[in-house]
Structures are given as structure tokens and as C-alpha cells.
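All remarks here apply to the structure that follows.
The values are calculated or read from the model by the stated rules, or taken from the named source; none is laboratory data. Worth saying up front: this structure is predicted, and the values here are computed from it rather than measured. Cβ: placed from backbone, ideal geometry, glycine included. Neighbour counts: every protein chain shown. Quick note on the areas: whole protein, heavy atoms, side chains included, nothing else; ligands and nucleic acids left out. Shrake-Rupley method; radii C 1.70, N 1.55, O 1.52, S 1.80 Å.
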Amino acid sequence: GLSIDNAVIAAGEDVAKIRFNVSDYSQLETGYVVPVRIYSVEGDGAIVDEDANVAYFVICSLAPTISSGNPVGTKLSRDSNWDIKVNGVDTYNGRYWKDALFDGDSYSYLNYWYPNDVVEINLGEVKTLTTVGVQYYAWYYAVREYVSVRTSEDGVKWTKWKNTPDYYGYGTTYINFSYPVNAQYVELTIGRPGYSSSYGTMATEIHIYGE
């Protein structure tokens, strides 16, 4: 739901900030027309036209969408508490996914990813994210699309990002969020490969960008 805090125009000022509280930002649609009632006018010289006791304005929501293109923001350095799980498991053949995908080596990898595999990135704490980049061994080992992209601050409540781009021909898929998002977790569900169904997708690095 949407709620609005009370606002006070302080003495000597002619504006006040109004805070809106949204329980689930991803559920906002295109916009809202919100009435704000002026219920008290106090102090010397504080005058409001008698017909102006209610004001209306529009809140336009920013839809949670993603786009391709160059990464946005500053590339973040890896923290020791960053982790990666694939289908709920953080290792493959005794080696950690994070050690292969956060090691700075664009040719190191563990195993193929296939359609509907779920890759969960855990940054250890909430960060303000702008882009997640997934680098693949080559464009023909890259994913063409993601079935879904979700983010979460706590791993319980998730925001689903819409309009997944077609990454055909890209060796690195940059997932640019339409607005900076506070998140600890990023979940990618793998879609079809970029080249052939006989090829899985082979990721070699994951890059995190933020503010």
C-alpha cells in the first residue's frame, strides 16, 4: 500500500518535503493522483486562500525494468563475504563458484549453466546496485536471455525486474537496472543459450556496479 507522512512548512519557508511510504515498490503501477489536505494554518502572516485547502499532484512510479548497453555506475571491488550459489549449491566438484567468478580471470570457469538454472549472488550486505555484468567465455557460450532477474534486501521479499533484453551476440551481458536498487541478493534465472541449444552457457566472471 501507499501512505503519506504529515509535513510541516516551517516558519520562514514556503515549501515542505512530503514522504511517501510504499510497502512494495514493485507493485506500483503507472501513477497515482494524490490529494493533500492543508488542515492547519498557524503563525503571523501565514495565509492560505480559502479555496486552496486541498492540493492534488501525481506520483509517477519508476517501473523496475532492465536494459542492456554499457554498465552504469562504479565497479565494486570484491568483498570476502560475497558468495554465489547455483541451484542452491555454492560449490561444483569441490570448488566454490565465487572463486571462479570473482577471481578476475576471464577464462576461469567451473561448469555450464543450462536453461532454468538459478544463479544467486549474495553480496553479504545491502548495497546500492546499478548494473550486474555476467562475462562469458565467448559470445557463443553466453546466455541470450534471462528468464527472470530478481533482487532482494533480505532474501525473503523480492523485486522482479521486467523487460529482459535479447543479448544475442554479446560476450558480456550487462543487466542495467532502471533505477539504483538497494539489494544484498541478485537472482538470475538462466534462459536459452545465445548460439545453439547444444551449447550450455559458460560464465567466467561476474561484475557488480553500484553507487
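Laid out as a table, the results:
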| quantity | calculated |
| --- | --- |
| Test for residue 140: is it open to solvent by 20 Å² or more (accessible area, probe 1.4 Å) and within 22 Å of residue 104 (Cα to Cα) | yes |
| Any pair with Cβ under 8 angstrom, 6 or more apart, that starts in region 72-86 at a residue that is on the phi > 0 side of the Ramachandran plot and ends at one that is in a loop (DSSP other than H, G, I, E, B) and not small (Gly, Ala, Ser) | 73/211 |
| Lone unmet requirement of (1) in contact (Cβ under 8 Å) with a residue 60 or more places away in the chain; (2) assigned to a strand (DSSP E or B) for residue 148 | (1) |
| Breaking point among (1) among the hydroxyl-bearing types (Ser, Thr, Tyr); (2) modelled with pLDDT of 90 or more; (3) part of a loop (DSSP other than H, G, I, E, B), for residue 107 | (2) |
| Test result for residue 209, assigned to a strand (DSSP E or B), open to solvent by less than 40 Å² (accessible area, probe 1.4 Å), aromatic (Phe, Trp, Tyr) and touching a residue at least 24 places away in the same chain (Cβ under 8 Å) | yes |
| Near pairs, Cβ below 7 angstrom, 6+ apart or cross-chain, from region 164-189 (β-branched (Val, Ile, Thr)) to any residue that is open to solvent by 50 Å² or more (accessible area, probe 1.4 Å) | 164/145; 189/116; 189/147 |
